[in-house]
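Where a number appears in this text, it was derived from the coordinates with a stated rule and is not lab data. None of these values were measured; they are calculated from a predicted model.
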């Protein structure tokens with residue numbers, strides 16, 4: 001069984017090193033796009049929790065594992081603060097779940113999962 005990263009890279013013709021960046025830009029809240037350079041870019045410490053989330057989801061073999069990673073991200077200590085929680089200057093867990101769902105649908109492991117509120 002292929003991981004989300006393997007499926008994503010295969011369809012998008014990218015190598016594993018470009019996976020995190022591509023998923024980051026696809027799943028970032030739209031209004032946050034302009035703030036990324038001001039916060040030091042996607043590889044800055046500010047976006048480290050987002051990069052960890054994307055890497056973790058990349059290893060997922062099912063939507064259950066994706067949902068677990070997103071839930072962990074929602075509760076993680078590094079995902080606190082006004083900019084992240086209230087202004088949503090971060091990766092969207094919902095967008096990431098929808099993206100992953102596209103790649104797991106064909107295997108029968110793409111059932112939708114609802115996230116618990118933090």
Task: Theoretical ellipticity at 222 nm over the chain - DSSP helices of four or more residues, -39500 (n - 2.57) apiece, nearest 500 - done: -15500 deg cm²/dmol
TODO: With springs connecting C-alpha atoms under 10 Å apart, model the chain as a Gaussian network and identify which of 64, 22, 86 has the largest mean-square fluctuation.
DONE: 86
- [ ] Using only Cα atoms, tell me the angle between helix 93-104 and the longest principal axis of the chain; keep it within 0 to 90° and round to the nearest 10.
- [x] 20
Task: Cα-based equivalent ellipsoid, the range 4-107: semi-axes from gyration tensor eigenvalues, Å - done: 22, 15, 11
Task: Rounded tilt (10° steps) of 16-27 against the dominant C-alpha axis of the chain - done: 70
